[in-house]
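Encoded as structure tokens, the structure appears first; notes follow it.
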Amino acid sequence: MTPGDFERNEQDKLITDRMARVERKILVMSGKGGVGKSTVAGYLALLLSKKGRKVGLMDVDLHGPSIARLMKVQGGFDMSREGIVGPYAFSDHLSIVSLEMMLGEKDMAVIWRGPMKISAIRQFVSDIEWGDLDFLVVDSPPGTGDEPLTVAQTLPDAEALIVTTPQEISLADVRKSINFCRQVDMKILGVVENMSGQLCPHCGQQVPLFGQGGGEKMARQMGVPFLGQIPADGKMVKAGDTGDLEGLMGEKDLEINVAYNDFLKAVLAG
């Protein structure tokens with residue numbers, strides 16, 4: 001056995017030990033960018049934590065990390081215990097890890113090839129003391145490249161949550177994501193249709209900005225669960241831009257919050 005093999009075996013043991021303390025791992029995927037995947041991942045993690053679940057949120061979108069900004073992460077890793085690296089404590093029930101927490105310059109380009117990305121993701125799992133979690137929500141970049149593949153191989157019991165819009169150009173790539181999950185033998189938690197329409201502030205009618213019902217129809221055709229429709233909302237856009245997703249949760253009657261609560265029930269039931 002070479003030194004490299006020994007180190008990898010030791011890391012594999014650490015990963016197994018760490019993840020044995022996590023009840024469910026949810027990999028949030030999308031076929032293409034721009035569908036609101038990171039916002040869904042961040043808001044889902046918040047909602048789960050507000051329900052009293054212990055939640056970890058891990059951003060493995062290494063080239064375009066956005067979780068730290070969406071959640072207004074104000075610090076780095078928890079180094080308060082000697083020899084232990086902990087995630088950023090957003091609250092008593094939510095902890096966060098993102099590559100952006102390690103970058104001195106937020107707009108710095110991360111120019112990494114596959115091996116470096118694989119190593120970073122494995123270190124996020126093995127070297128971080130996540131503790132006991134009910135959920136680990138993993139935000140991955142769009143597509144079916146190194147990052148989601150590494151998560152699938154590192155967390156073999158992960159469940160895929162696939163985000164799409166009703167638009168056919170998005171749905172075509174989601175079909176590839178579904179086939180990716182089947183090829184790597186990953187359980188598909190389901191598909192959620194984001195930006196499914198917007199409530200007109202003048203007439204109160206739903207405006208189908210990106211089409212209508214495409215996600216549900218595609219899920220039915222592909223034989224995967226459909227977890228619900230989430231409308232587009234300018235307040236969500238503003239909350240994401242200002243890093244105040246948590247502040248949006250106070251408006252319980254807001255249509256987007258009603259939709260997210262229905263979506264949350266589907267996730268918990270899965």
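All of the numbers you see were taken from the coordinates with simple rules; none came from a lab. Remember, it's a predicted structure, so these values are computed and weren't measured experimentally. Note that each Cβ is placed from the backbone with ideal geometry, even for glycine, and that neighbours are counted across all protein chains shown.
Using every alpha carbon pair in the stretch 56-183, what percent of pairs falls into each 10 Å bin from 0 up to the bin containing the largest distance?
Result returned by the calculation: 11, 41, 35, 11, 1, 0.
By how many degrees, 0 to 90 and rounded to 10, does the Cα axis of helix 3-19 deviate from the longest principal axis of the chain?
The angle comes out at about 50 degrees.
Please compute the Kirkwood hydrodynamic radius over the stretch 170-270, one decimal place, Å, based on all pairs of different Cα atoms.
15.0 Å
Rounding to the nearest 10 and keeping the result within 0 to 90°, find how far the Cα-based axis of helix 37-50 lies from the longest principal axis of the chain.
For helix 37-50, the angle is close to 80 degrees.
Once Rh is set to the Kirkwood radius over Cα pairs, what Stokes-Einstein translational diffusion coefficient, in µm²/s, holds for the stretch 1-51 at a temperature of 25 °C and a viscosity of 0.890 mPa s?
Calculated translational D: 175 µm²/s.
What is the P(r) of the chain, as percent of Cα-Cα pairs per 5 Å bin from 0?
Cα pair-distance distribution for the chain, in percent: 1, 6, 13, 17, 20, 17, 13, 7, 3, 2, 1, 0, 0, 0, 0.
Any idea what the alpha-carbon Rg over 2.2 N^0.38 Å comes to for the stretch 214-270?
1.31
Determine, for each peptide in 219-227, 187-195, the mean count of other beta carbons within 10 angstrom over its residues, then list the peptides with the highest first.
187-195, 219-227
Rounded to the nearest 10 degrees, what's the angle between the helix 168-183 long axis and the longest principal axis of the chain, both from Cα atoms, 0 to 90?
The two axes meet at around 40 degrees.
If you count, for each residue, the other Cβ atoms within 10 Å and average over each peptide, how do 41-53, 173-185 line up from highest to lowest?
Ranking, from highest mean packing down: 41-53, 173-185.
Could you tell me what a quarter of the Cα convex hull surface of the stretch 114-203 works out to, in nm² with one decimal place?
The number I arrive at for the stretch 114-203 is 8.2 nm².
I'd like the projected area of the stretch 110-153, averaged over all directions, using the convex hull of its alpha carbons. Report it in nm² with one decimal.
3.7 nm²
Using alpha-carbon pairs under 8 Å, 6+ residues apart, how would you state the relative contact order of the stretch 20-269 in percent?
Worked out over the stretch 20-269, it gives 25 percent.
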